[in-house]
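A quick write-up on the structure given underneath.
The values are calculated or read from the model by the stated rules, or taken from the named source; none is laboratory data. Predicted model, so just to flag it, every value in this text is computed and none were measured. All Cβ positions, even for glycine, are placed from backbone atoms using ideal geometry, and neighbour counts span all protein chains on display.
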Protein chains: 6
Amino acid sequence: MTNILLINPNTTKSITDLVLRTAKGFASKGTRLRALTGSFGPRYIASRASYAIASHAALDAYANDRGAKDVVVLACFGDPGLAALKEVSPVPVVGMADASILQACAIGNRFSIVTGGERWKSMLEEFVASHGLTSRLASVRTVAPTGADIARNPKAAMELLAKGCSACVREDGADVVILGGAGLAGLAAKLKPMVDAPLLDGVACAISMAEGLALQEPAKATHGALAKPGAVDSIKLSKGLSKLLQSP
Amino acid sequence: MTNILLINPNTTKSITDLVLRTAKGFASKGTRLRALTGSFGPRYIASRASYAIASHAALDAYANDRGAKDVVVLACFGDPGLAALKEVSPVPVVGMADASILQACAIGNRFSIVTGGERWKSMLEEFVASHGLTSRLASVRTVAPTGADIARNPKAAMELLAKGCSACVREDGADVVILGGAGLAGLAAKLKPMVDAPLLDGVACAISMAEGLALQEPAKATHGALAKPGAVDSIKLSKGLSKLLQSP
Amino acid sequence: MTNILLINPNTTKSITDLVLRTAKGFASKGTRLRALTGSFGPRYIASRASYAIASHAALDAYANDRGAKDVVVLACFGDPGLAALKEVSPVPVVGMADASILQACAIGNRFSIVTGGERWKSMLEEFVASHGLTSRLASVRTVAPTGADIARNPKAAMELLAKGCSACVREDGADVVILGGAGLAGLAAKLKPMVDAPLLDGVACAISMAEGLALQEPAKATHGALAKPGAVDSIKLSKGLSKLLQSP
Amino acid sequence: MTNILLINPNTTKSITDLVLRTAKGFASKGTRLRALTGSFGPRYIASRASYAIASHAALDAYANDRGAKDVVVLACFGDPGLAALKEVSPVPVVGMADASILQACAIGNRFSIVTGGERWKSMLEEFVASHGLTSRLASVRTVAPTGADIARNPKAAMELLAKGCSACVREDGADVVILGGAGLAGLAAKLKPMVDAPLLDGVACAISMAEGLALQEPAKATHGALAKPGAVDSIKLSKGLSKLLQSP
Amino acid sequence: MTNILLINPNTTKSITDLVLRTAKGFASKGTRLRALTGSFGPRYIASRASYAIASHAALDAYANDRGAKDVVVLACFGDPGLAALKEVSPVPVVGMADASILQACAIGNRFSIVTGGERWKSMLEEFVASHGLTSRLASVRTVAPTGADIARNPKAAMELLAKGCSACVREDGADVVILGGAGLAGLAAKLKPMVDAPLLDGVACAISMAEGLALQEPAKATHGALAKPGAVDSIKLSKGLSKLLQSP
Amino acid sequence: MTNILLINPNTTKSITDLVLRTAKGFASKGTRLRALTGSFGPRYIASRASYAIASHAALDAYANDRGAKDVVVLACFGDPGLAALKEVSPVPVVGMADASILQACAIGNRFSIVTGGERWKSMLEEFVASHGLTSRLASVRTVAPTGADIARNPKAAMELLAKGCSACVREDGADVVILGGAGLAGLAAKLKPMVDAPLLDGVACAISMAEGLALQEPAKATHGALAKPGAVDSIKLSKGLSKLLQSP
């Protein structure tokens, strides 16, 4: 039995529910899933400012959770708070963007990301660069329709997405394309016949990476960059987070 | 039900059996495993010359296999023939070194590899570099005892390994260490208490990456670097491989 | 007249005061300085977890400030929240670590950083890498004594610091050394005779970079990665930050 | 009181005068400026051949100067002779291109350069690469009108420049644009309303970087790459330069 | 007297003859040339699968040769088996692609490759990357006509090639262009007047690099990555190769 | 018949003679060699200041030469003026350091340089970096004895050199070592038995690279970074150089 804790660092419960539902579709039989939603901050994350707040919110949600967990999945494509969570958590923490990128690298030499939100293009390019993977990135394209667009005119939305994915393959040289973002969860399977290269689903990648890491039950680092940090006092934080900082 | 085909590109059946046995320990319930052994070439791979032959042998084994498979695992830490297999296979192909490195990157910023065979140090450094991941590599250390050493004096062998892994963490700055190579399969769990950072098992990484990719059933590329290549005639190859080249 | 707003993203007022005092010593005559302290979060920043919270606190402090400012200085060596502040602020935002690194690059080919707090070594190495400057980094050494150490035995503390700086030059190949962190502000001048290469003071670098940028009054980007982001609703944030997100 | 020595390494006195005049407009009150012109070599620098001669001329001008100086500014966008001057000078030496690039990096992730002279495109790309900053460079565009063009039809010239700067932002992804070259000094302020991102003036960047470094009075390196070199005899050089080489 | 052994790792004797003939045209007077053809494998190499087999075939040809040789030239543009041959051979081994790229680097900062076979574009890009030379690569263009095309309509074929080469210079920024592949051997001289930058012939580059290295008679490494590897048993290999692995 | 023009950019005729003599020993029968000495500047090049002057001197020597030449060799290990000469010369220009590094890359993955003059360590590291080859560099060691040392106690000098070369192989991981600098010309052959990896002689590399490029008679670029630059007036230069700048 593997317990996965999903943390959605934005404050929109319906997105948490959608990701949880999608995640269940990809999880193994022996996996139990729970999900938390950020208790403060922006409704969605589409800027560096939102991202900074969401990093705190993700950590806060983690710190106030008392449930069992064998692995944590940070369920926002862009992974705000990932390094902080890795530092304090005794169990592995998987970022949705990070897991997708790494699984894409297992398939081909160069990957592209298709997602929504214009500002994510530069944010994800910098994310990939800060992970040392720029030479593997073919492109980030933010051509995705919104959830509302998909609901209103599914066929047009799918065609738009397929066009974006195909451009990644034919113009940008991608060997594999990642559909990132909760709003696009589950679409990879439907888009397959319309695209010239393998498509990966961000939620699926995160779940299987989490299950894979949990299986090995890797020990917590007791030395180096990701060992538990020293204790520090704080003010005006939630009870759980304050306590986590004091005895990490 | 996921069918994994393991290909051991060297010609030592007992190593194939060991890897298969270890892999079964890490596989999910719904996974069926089969394994092939190279039909020609060196007994083990520990040089660039052996590696070149094993790339051919891996491809040959694949080409002559008629069994069902949803994903292929190249079961030699160093992945001879990986790019060739990815090109011709309609299902995903996972290299043991590649999968381990990518899962290690999901855990921490910098990883080390501990394996046996002095020549593998430079070969794996070049492997990592050719995958664009040099900035994530802390070190490769080839301090591993042989299978015979382990059998003769298990405690001394384990201490030697633990010392090598700890040096990766304390001297080289690794956040996570990979135990690579069939001979070390399964030891990560036992070494845990003796090392200051998470350890990953190469076989476990390959199996969970394979299951994760198979789950998504990614389509075969029909365009670009990993689409099926053009047909080509050949001479003096095995029947299966000759046919594969003619109608890939 | 240039108005500089200093933001100390931790919650220790005495550190804010120290940085402000030091900054005044380096500022031009025509410069007016004000300083804010984080209103929530850790007492100091020495971990990725603290850093994530401080990024939010820095943004929060900025959002709730109504005073005049021509340039903002993020007064924590490591720059939590820098990208978020650059995105929302109409005037330039200068990070103390970023400014120091760039001024060091103006002096020599390779720089080192000497600072306090063991965890900052990996955090600053990743900071430098994410700014694309790894090839210019000779080393980060966290050999600095604490403020208490300096007060107790100034001579021993200075010798310890000088030894660390000299090791950067003689062992790591640095052409120039940065003394980072508020606790070390002003010491560069005193350490000069004991070190074989130029030393830079983090506070001095930040102030002069801020004055230099303010002088040119560069326009706010209206396109691209650092233009104002789209509006987004939020919950349970401070009034100022909530408003900033709604009309950035 | 800070004494800045400007060195124009080409042999056109009117360019020296223009740069000096512009520099005075950006300098602090407590700054005194002097300027030297190359005593031999090409009238302007727009090729690798001219650049090689100008490196010598810059060093020669420095060697024959007896005036007080707290910092030296190499007043040619491209910085011929910068490394040589840093080596021999006891006070900091600031290159105009180098300072501009570093200040641009303080504003945004990726910068572009707009300058005149077709050959400078490759020369500046190589300059940026040799400083390890290629990942920060969005583009170099040599679309600038000549001084004569600007005089003849100022409006058309400004529109041409604005178009080039905008292309850097909208097509090349620059977060910030540098106007390099003496001929464009002072135009950044006027072009602001026509461009979607901050513009930096090369002369302003050099002056404020010089003042900032002079303020800290960094010591001369006595070890390593930029310490004074060993003495060497020479023939047929100017008296000042010959003497400098003999007792550096 | 320098003895060069050419190894064509594909199985088409007429290509071997063509390369040998061309090579003789570029060789010095004191050079004697012999050539081997792969004894098994694909007729030509234009995929990763063919490449893997050809690496083995190149090694096999070498292992079964008893003739005198002072240097080995791997006569396939893409160099399958190069690292393996370098490891086992006591004399230098020169790859045709490798030699061409390095000679191109001696001429200019950025080079392009024009060759035939669509799949080679990604294969050569990865080849250049794995040699750490991506920053020197302007482009790979696979616009080359086939040998049959050239025979049928030489003028059209030459125009097509010239157009491809010119695009490398004018669109991709190449300072120098390599004509790679046996089918294009000798055409560089004819295309000269139609192209704006120097052209290099792959065969000529390989021959002169081989002669240059042979001249110095560099010793075989006895330590490190390219020293002779340890002995290993094997099965079902040719007699020569089996023996080479057993006593390398 | 190939005419090679050697340019020694320092002003010591005896070094020119030594290089010329050594070069003749490595040249092919059909090669004619001439050599020029810098007419002004330092006696030898061992600092950035000397280097800047020597770049001018190399260009000046070239500009005033009226003899026939099919290729130019810049005969100083470090190549001052190389880019300038490539720009103006209609025939190929080969730098001694550049040629050596590229030939070393043809032999192994990672090379080291052993040379004299402490300052050359950082200068050559920067040289390699600016050529994009840092990932291929194992180390630069400046352990070489002077010519006087070699004359006084040849055996001790050879042992010192052998020790330095061996350290490159055993401690720094070099696959191949370059003996750079005129003073070490010809010693590689003698040191062979004492070193564990191939040694290359800088002069030999330059001569064979020059002969190889001359053989192909590559056309002068008429477009791009290395095409002839535009004309420019100048003052107080030698007649030949002034004329070259005016009609390049």
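Tabulated data for the structure shown
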{"item": "Matching option when the condition is outside the structural domain of B:GLY212 (by TED's automatic domain parsing), of a type outside the set (Phe, Trp, Tyr), closer than 29 Å to A:HIS131 by Cα and surrounded by fewer than 23 Cβ atoms within 10 Å (Cβ to Cβ), among B:SER112, B:SER122", "result": "B:SER122"}
{"item": "Members of the stretch E:73-104 found to be away from chain B (no Cβ under 14 Å), hydrophobic (A, V, I, L, M, F, W, C) and buried (at least 24 other Cβ atoms within 10 Å of the Cβ), listed by number", "result": "E:VAL73, E:ALA75, E:PHE77, E:VAL94, E:MET96, E:ALA97, E:ALA99, E:ILE101, E:LEU102, E:ALA104"}
{"item": "Test for A:GLU159: is it modelled with pLDDT under 95 and under 29 Å from E:ARG119 (Cα atoms)", "result": "yes"}
{"item": "Unique match (being over 30 Å from B:ALA214 (Cα atoms), part of a loop (DSSP other than H, G, I, E, B), of a type outside the set (Asp, Glu) and touching a Ser or Thr at 6+ places or on another chain (Cβ under 8 Å)) among A:SER39, A:SER28", "result": "A:SER39"}
{"item": "Residue among B:LEU241, B:LEU179 that alone is closer than 28 Å to B:ALA46 by Cα, more than 12 Å from chain A (Cβ to nearest Cβ) and touching a strand residue (DSSP E or B) at 6+ places or on another chain (Cβ under 9 Å)", "result": "B:LEU241"}
{"item": "Any hit, the stretch A:144-163, residues being touching a strand residue (DSSP E or B) at 6+ places or on another chain (Cβ under 6 Å), in contact (Cβ under 8 Å) with a residue 12 or more places away in the chain and either polar (S, T, N, Q) or outside any loop (DSSP other than H, G, I, E, B) (or both)", "result": "no"}
{"item": "Single residue of E:GLY67, E:GLY38 found to be at negative phi, surrounded by fewer than 24 Cβ atoms within 10 Å (Cβ to Cβ), more than 7 Å from every other protein chain (Cβ to nearest Cβ) and not aromatic (Phe, Trp, Tyr)", "result": "E:GLY67"}
{"item": "Which listed residue is under 27 Å from B:ASN3 (Cα atoms) and touching a residue at least 12 places away in the same chain (Cβ under 8 Å), from B:GLY212, B:GLY180", "result": "B:GLY180"}
{"item": "Some residue of the stretch E:167-174 being within 23 Å of the chain's Cα centre (by Cα), part of a helix (DSSP H, G or I), touching a residue at least 40 places away in the same chain (Cβ under 8 Å) and under 13 Å from E:SER112 (Cβ atoms)", "result": "yes"}
{"item": "Subset tally (residues that are among the β-branched types (Val, Ile, Thr) and more than 16 Å from B:ALA49 (Cβ to Cβ)) for the stretch E:87-101", "result": "2"}
{"item": "Checking A:ASP60 against (1) assigned to a helix (DSSP H, G or I); (2) within 16 Å of the chain's Cα centre (by Cα), the condition it does not meet", "result": "(2)"}
{"item": "Check on E:ARG32, surrounded by fewer than 16 Cβ atoms within 10 Å (Cβ to Cβ) and over 29 Å from E:GLU125 (Cα atoms)", "result": "yes"}
{"item": "Any hit, the stretch E:48-64, residues being surrounded by fewer than 24 Cβ atoms within 10 Å (Cβ to Cβ) and free of Cβ contacts under 8 Å to residues at least 60 places away in the same chain", "result": "no"}
{"item": "Which listed residue, of D:GLY202, D:GLY164, is buried (at least 18 other Cβ atoms within 10 Å of the Cβ), more than 14 Å from chain C (Cβ to nearest Cβ), within 27 Å of D:ILE15 (Cβ to Cβ) and within 23 Å of the chain's Cα centre (by Cα)", "result": "D:GLY164"}
{"item": "The one condition in (1) away from every other protein chain (no Cβ under 12 Å); (2) free of Cβ contacts under 8 Å to residues at least 12 places away in the same chain that E:ASP17 fails to fulfil", "result": "(2)"}
{"item": "Residue list for the stretch F:81-107, restricted to those being β-branched (Val, Ile, Thr) and assigned to a helix (DSSP H, G or I)", "result": "F:VAL88, F:ILE101, F:ILE107"}
{"item": "Given (1) more than 7 Å from every other protein chain (Cβ to nearest Cβ); (2) buried (at least 16 other Cβ atoms within 10 Å of the Cβ); (3) under 29 Å from D:GLY81 (Cα atoms), index of the condition D:ALA157 fails", "result": "(3)"}
{"item": "Residue match in the stretch D:66-74 (condition: touching a strand residue (DSSP E or B) at 6+ places or on another chain (Cβ under 8 Å) and part of a helix (DSSP H, G or I))", "result": "no"}
{"item": "Selection count where residues are part of a loop (DSSP other than H, G, I, E, B) and of a type in the set (Val, Ile, Thr), scope the stretch D:6-25", "result": "2"}
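Matching residues to (1) over 30 Å from A:ILE150 (Cα atoms); (2) modelled with pLDDT under 95; (3) surrounded by fewer than 23 Cβ atoms within 10 Å (Cβ to Cβ):
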{"residue": "A:GLY173", "(1), (2), (3)": "no, no, yes"}
{"residue": "A:ALA188", "(1), (2), (3)": "no, yes, no"}
{"residue": "A:LEU191", "(1), (2), (3)": "no, yes, yes"}
{"residue": "A:ALA197", "(1), (2), (3)": "no, no, no"}
{"residue": "A:ALA210", "(1), (2), (3)": "no, no, no"}
{"residue": "A:HIS223", "(1), (2), (3)": "yes, no, yes"}
{"residue": "A:ALA227", "(1), (2), (3)": "yes, no, yes"}
